[in-house]
Structures are given as structure tokens and as C-alpha cells.
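The values are calculated or read from the model by the stated rules, or taken from the named source; none is laboratory data. Keep in mind it's a predicted model, so treat the numbers as computed, not measured. FYI the Cβ positions are ideal-geometry reconstructions off the backbone, even for glycines, and counts take in every protein chain you see. Just the protein is used for accessible areas: all its heavy atoms, side chains included, with ligands, DNA and RNA removed. Shrake-Rupley method; radii C 1.70, N 1.55, O 1.52, S 1.80 Å.
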Amino acid sequence: MSRLRLAVIGVGHLGKEHARILSTMPGVSLVGVVDVNGDQAAEVAQRCHTRPFEDYRALLHEVDAAVIVTPTVTHHEVAGEFLNNGVSVLVEKPLTAAVEQAEELVDLAHRRGALLQVGHIERFNPAFEELQHRPLQPKFIMAQRLGFYTGRSTDIGAVFDLMIHDLDILLALVGSPVDKVEALGMSVLGGPEDMAHARLTFANGCIADLTASRISLEPSRRMQIWGPEGYARIDFARRVLTLLQPSEELLRRRKQIGLHDSSWTASLKQDLMRHHLQALDLDCNRGDQLTRELEDFVRCLRTGAQPRVPGEAGCKAVALASRVVESLRRHPWEPGHEPGLGPIDVPAPTGKLFAPDVDEAAA
Ligand code: NAD
């Protein structure tokens, strides 16, 4: 079996990890790494025993596939060039910064017979995989994705940077079109929104509340899902799935009229979590998901199979993220406020929350 010739384009924070994993993957030859920052390319190339390049075009005819890990605003151009040459690509999330660009890439991949996969890595999170094996019909979902400020991905806002992970998960999980999107967002540092909240209403009646922030004091990547079968909580960072389901007795009793007799209420109070609601914690730590995402890409390149996250899925996530951003841009902050002013144009501050010198000294 011949080795697949791969390259990584953009070897910054995440791209260097892609390069590290591909440099030792069986059946793969990492023929080069590319970065407009020549020093960065050279350093990563040395570590991964491959060649450095500063211009991805040098590799257009040298590879079977490319992994594109450059800033989002460049994805359309870089992925477009490879696809146009019939070269398959794995593009980091979000696929592009605009829906039309994502649609163009999907169309180009079809026309050139190339594979287009998108790096929605949480689909490979074992806690999410485990949930997908369970018969839960999501009816109410709360998702939180909060991170420290990293200074990266400033070309996009918190919706395209962080919330898009959860938007993609929801599209995979709920399997119903989104009827309504209501959102608000705030820019704290200037530029696009640093934090956002969105409520989505799906055609099947499911409602999802999502919060994303990239200026959080505490990181958290969690999703809670309620359905008729019970409750699930995914901790994406710890890869733990917690499940809660009603006991047979509770299912029977909750249908009865006048169920709140005192002995039943006392039993609920005493034994709720031991008996009436059964809980299961599943620690799903099986392999790191970046490796599994890349293995999926390589497997699809070899077999022609459909990837778990094809370009179409990446495109749908970008389309939904765009609806969230449109909605938060229209949010009127005050009665009579002109809509369309965006996350920056919040009302003027009325004062300081505290006086740093005085209050800190007193604390
Ligand atoms: P980064 O800024 O650390 O790295 C980007 C690198 O690309 C830089 O080294 C830069 O010099 C290089 N670059 C810029 N333009 C280039 C070009 N035209 N050709 C070659 N190199 C170029 O950013 P990052 O945090 O690694 O993010 C990169 C991408 O990965 C973004 O799209 C981001 O959204 C995505 N990302 C995804 C996840 C995830 O969980 N899947 C996590 C982090 C980042």
C-alpha cells in the first residue's frame, strides 16, 4: 500500500499538533509543513522531520491531501486552491467565515471529485459518541462553552470561534431544521462579539440555549440535554457523560392523579438519586480526538468513504452561526434603539462597578 502524501498548512497553535500526529501516523508521509511565518514553519518541520515552506502553492502538485489550519478568513482561498487542483482537504472549523464561501467549497469538492472534511472535533469526543448510542430524544438543551482569552482567532467572533462547536453538535443531535434564532452578544475588547447567547427553536419543538465566551474567568465546555427518556450531561473537557433516568416506579407513579401523597413525597425526598432517578457516570477517555479525527480523514482518503463531518455539515454549521450573528447584530439594547448596531454599540456605561484602589484595599 503506497503512503499517502500529506501536508499541513498553517502550523501555529493547532496546526503544529496536526503535524506532530501526522508525522508518525502509519501509512502517511508528511511531505511538508507550511506557514507564512518562516521561523514557525522551520521549527515545526525540524521537530516533525519534514520540509518547511512559506507558500502553500509550492505543494499544490506534491500532495494527495492537505490539512488546513490557517486563520478562518484564509480557509476559502487556501482550501479553494487545493480543491481546484483535485487535492482533498481537511479544513479546521469553522469551514469559512461566510456561507457563500462554504457553499462554494462544497460545490468545488464535488466537481473535482475531492474529499472535503471539516474539523468539528467534538464529534470525535468519546462522551458525545457514547451519547449517540443512547435513545435520547432531545427536547431542551443548554450548552456552555467558556474559555480564557487566548489572543488567537481574533479574525472571527465568539460565535464562529466557540459556539459553532455546539451548533454543529446540535445539528447532528436534534436532526430537525431550526425555525427560529434569537441571540445577543457583546464586544468587550472591541471588534466582533467576545460573548454571545442564543436561543434556537427547532421545527420538532426542541429548544436550545447556548452561551459562548472567550473572556471567561473559568473555562467550561458542557452540554445538558433533557428528553422524555431522561437527562444527559456531557463534559467535553473531561470527556465524561452523565446519564439520569426515571425508575420504572417513577414512570408509573408520575402518570397517576394525586401522586403527591405524603409517603410518596417522603420516599422521593429520601431516595431520589438512589432509587427514583438512576444515575450513571461514564468516563469516556479513549484516545485523543484530534488523532481520531485525522485517522478518519486518512481512512476516508483511502477508502472513498464519507467522513463523519463532510463539507455539507461544516456548511450547515456556518449557515446557522451566520443566523446567530445576524440576530445578535439586530438586538435592540434599549426601547426605541435602532436595530442593526451590533455587539459593540451597547448603551454607554452609567458608572464604575467599583473603585479599584478603595475597594481592593478594603477587600
Ligand atoms: P494560530 O494563529 O495559532 O495559527 C495559524 C497559523 O497560520 C499561524 O502560524 C500563521 O502564521 C499561519 N498562516 C496564516 N496565514 C497563512 C497562509 N496563508 N498560509 C500558511 N500559513 C498561514 O491559530 P490557531 O489557533 O492554530 O487556529 C487556526 C485554525 O484552527 C482556525 O481556523 C481556528 O478556528 C481553528 N481551531 C480549531 C480548533 C478546534 O477545536 N477544532 C481549536 C483551535 C483552532
- What tally of residues in segment 30-39 results from selecting those that are of a type in the set (Val, Ile, Thr) and within 8 Å of the ligand (Cβ to nearest atom)? 2
- Looking only at segment 40-54, decide whether some residue is more than 9 Å from the ligand (Cβ to nearest atom), touching a Ser or Thr at 6+ places or on another chain (Cβ under 8 Å) and not in a helix (DSSP H, G or I). yes
- Filter pass, Leu294 being under 23 Å from Val118 (Cβ atoms) and at pLDDT 95 or above: yes
- Count - residues of segment 5-29 that are open to solvent by 20 Å² or more (accessible area, probe 1.4 Å) and either within 15 Å of the ligand (Cβ to nearest atom) or within 22 Å of His75 (Cβ to Cβ) (or both): 7
- Message: Going through Gly113, Gly185 one at a time, which residue ends up being away from the ligand (no atom under 12 Å from the Cβ) and on the phi > 0 side of the Ramachandran plot?
- Response: Gly113
- Item | Among (1) within 16 Å of the ligand (Cβ to nearest atom); (2) more than 14 Å from the chain's Cα centre (by Cα) - the single one Ala212 does not satisfy | (2)
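Kindly evaluate Arg292 against the criterion of being in contact (Cβ under 8 Å) with a residue 40 or more places away in the chain, closer than 17 Å to Glu122 by Cα and open to solvent by 50 Å² or more (accessible area, probe 1.4 Å).
It is true that Arg292 is in contact (Cβ under 8 Å) with a residue 40 or more places away in the chain, closer than 17 Å to Glu122 by Cα and open to solvent by 50 Å² or more (accessible area, probe 1.4 Å).
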- Read through the list (1) farther than 30 Å from Asp64 by Cα; (2) assigned to a loop (DSSP other than H, G, I, E, B); (3) open to solvent by 70 Å² or more (accessible area, probe 1.4 Å), then give the number of the only condition that Trp333 fails. (3)
- Message: Please list, ordered by residue number, the strands (runs of 3 or more DSSP E) wholly in segment 215-286 having 1 or more residues that are out of contact with any Lys or Arg (no Cβ under 8 Å at 6 or more places or on another chain) and not aromatic (Phe, Trp, Tyr).
- Response: 230-235, 240-246, 277-283
